[in-house]
2 protein chains.
Amino acid sequence: MQAKVIWKGDMGFVGQADTGFTVDLDAAAAVGGHDGGFRPMELMAISLAGCTAMDVISILKKKRQTITGFDVRVDADQAGEHPHAFTSAAITYAVVGHEVQEDAVRRAMELSAVRYCPAQSMLSQVMPIVLNYEIYEDEGENQHSMKIKGVLELNEQ
Amino acid sequence: MQAKVIWKGDMGFVGQADTGFTVDLDAAAAVGGHDGGFRPMELMAISLAGCTAMDVISILKKKRQTITGFDVRVDADQAGEHPHAFTSAAITYAVVGHEVQEDAVRRAMELSAVRYCPAQSMLSQVMPIVLNYEIYEDEGENQHSMKIKGVLELNEQ
């Protein structure tokens, strides 16, 4: 797989990959950029969130869960010292639907973590990653109520 | 730092991070997607390319090199087996300019690798990363000629 970033001047780059899509990257004004695009480490966090999100939604669909909304958040801590690497992260899966089963969500998260998600497999080797989930009941008309909130401990499984 | 992906249906997600920029993610049609955005692992490769590219361009500027073009390519190998993690990568820095000094390019690459780039610091712990460079002389009118091509071995330094 090939990806590249092409310089646009100052700290601005356009990123592109095999699929042909493009994304702007830039640095903050404080470090010579113009804030014209993603910080590179934001794309790493989105890569992790997107990778596991695709696994989980596709497993929940196979488990015949009725999902009406879904997002996956990554909160990453960065070291204060150079190179400011991520030191830990929490992934929070927020699932909205009708009578979504907690076991199905936990199993989907587990399969993504231990079998399917390359980003998680790689990044979990260099930092601890906590796995949280929140399940909401869809009440219609864009209303939903929290049903359950939990943490998946992989060694519990 | 926080980033999230929000489900759009099927395998499509929109990614967003603290800076407020957004990027579309999707899977290939073969796995239930609509090819409407980046694959997550493409964003990881772009994260790595962009992170080290920003370091190198800013160091080359400090070293008063005249740069007229610059791109950084990541070629990553993915395992055939699940979770299809990256198993190795090559980063190729292509620098175009006027009498760009090889030593300056090598030193900038080294500083990014060992001190400044969080993505490289993290990913080099889970796979070998080869560092290539190509220096071109800008001949004007969008023409340039290759001057030198090399590999930086970090333990040589």
Averaged over residues of B:9-20, the number of beta carbons from other chains lying within 10 Å of each residue's Cβ is 6
Expressed as a whole number, the average count of other chain Cβ atoms within 10 Å around the Cβ atoms of A:65-73 is 3
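For chain B, what is Rg from Cα atoms divided by 2.2 N^0.38 Å, rounded to two decimals? Kindly include the intermediate steps, with their values, before the conclusion.
Values: Rg = 17.9 Å, N = 157, 2.2 N^0.38 = 15.0 Å.
It is 1.19.
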In order over the stretch B:125-130: 3J(HN,Hα) from phi, Karplus 6.51/-1.76/1.60, θ = phi - 60°, whole Hz, x for each Gly or Pro, gives 7, 10, 7, x, 10, 8
Cα-based Rg/(2.2 N^0.38 Å) for the protein assembly as shown, rounded to two decimals, is 1.05
Going from the fewest other Cβ atoms within 10 Å to the most, one would list B:ASP77, A:ASP55, A:ASP103 as A:ASP103, B:ASP77, A:ASP55
Expressed as a whole number, the average count of other chain Cβ atoms within 10 Å around the Cβ atoms of B:85-98 is 2
Residue span A:LYS63 to A:GLU102: 0.36 nm per residue of separation minus Cα-Cα distance leaves a gain in nm of 12.9 nm
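Using a 10 Å cut-off around each Cβ, can you sort A:LEU43, B:LEU154, A:LEU152 from fewest to most neighbouring Cβ atoms?
B:LEU154, A:LEU152, A:LEU43
Between B:LYS149 and B:ALA79, take the C-beta separation as r, use R0 = 45 Å, and let me know the FRET efficiency to the nearest 0.05. Could the numbers behind the result be given before it?
Values: r = 29 Å, r/R0 = 0.64.
Efficiency for this residue pair is about 0.95.
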Longest principal axis of chain B (C-alpha) makes with the long axis of helix B:40-62 (C-alpha) an angle, in degrees to the nearest 10, of 20 degrees
For B:TYR136, the residues 5 or more places away or on another chain with a placed amide H closer than 5 Å to its own amide H are B:VAL95, B:VAL96, B:GLY97, B:LYS147
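Restricting attention to the stretch A:1-88, which trypsin sites (Lys or Arg not before Pro) occupy a DSSP loop and are surrounded by at most 15 other Cβ atoms within 10 Å?
A:LYS63, A:ARG64
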In degrees rounded to 10, the 0-90 angle between helix B:102-111 Cα long axis and the longest Cα principal axis of chain B is 40 degrees
Violations at 27 Å Cα threshold for listed pairs B:LYS62/B:LYS149; B:LYS63/B:LYS147; B:LYS4/B:LYS61; A:LYS61/B:LYS4 -> B:LYS4/B:LYS61
Site A:VAL126, offset 7 angstrom along Cα→Cβ, radius 12 Å on amide nitrogen, limited to the stretch B:99-124, gives B:113-124
For B:LYS8, the aspartates and glutamates lying under 14 Å Cα to Cα, once residues fewer than eight places off in the same chain are dropped, come out as A:ASP71, B:ASP24, B:ASP26, B:ASP35
With N residues in the stretch B:95-157, Rg(alpha-carbon) / (2.2 N^0.38 Å) equals 1.29
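Divide by every residue of chain A the summed helix terms, -39500 (n - 2.57) for each DSSP H run of at least 4, and state the resulting mean residue ellipticity at 222 nm, rounded to the nearest 500 deg cm²/dmol.
-8000 deg cm²/dmol
Each reported figure results from applying straightforward, stated rules to the coordinates on display, with no laboratory input. Here the structure is a predicted model, which is why all the values come from computation and not from measurement. Note that each Cβ is placed from the backbone with ideal geometry, even for glycine, and that neighbours are counted across all protein chains shown.
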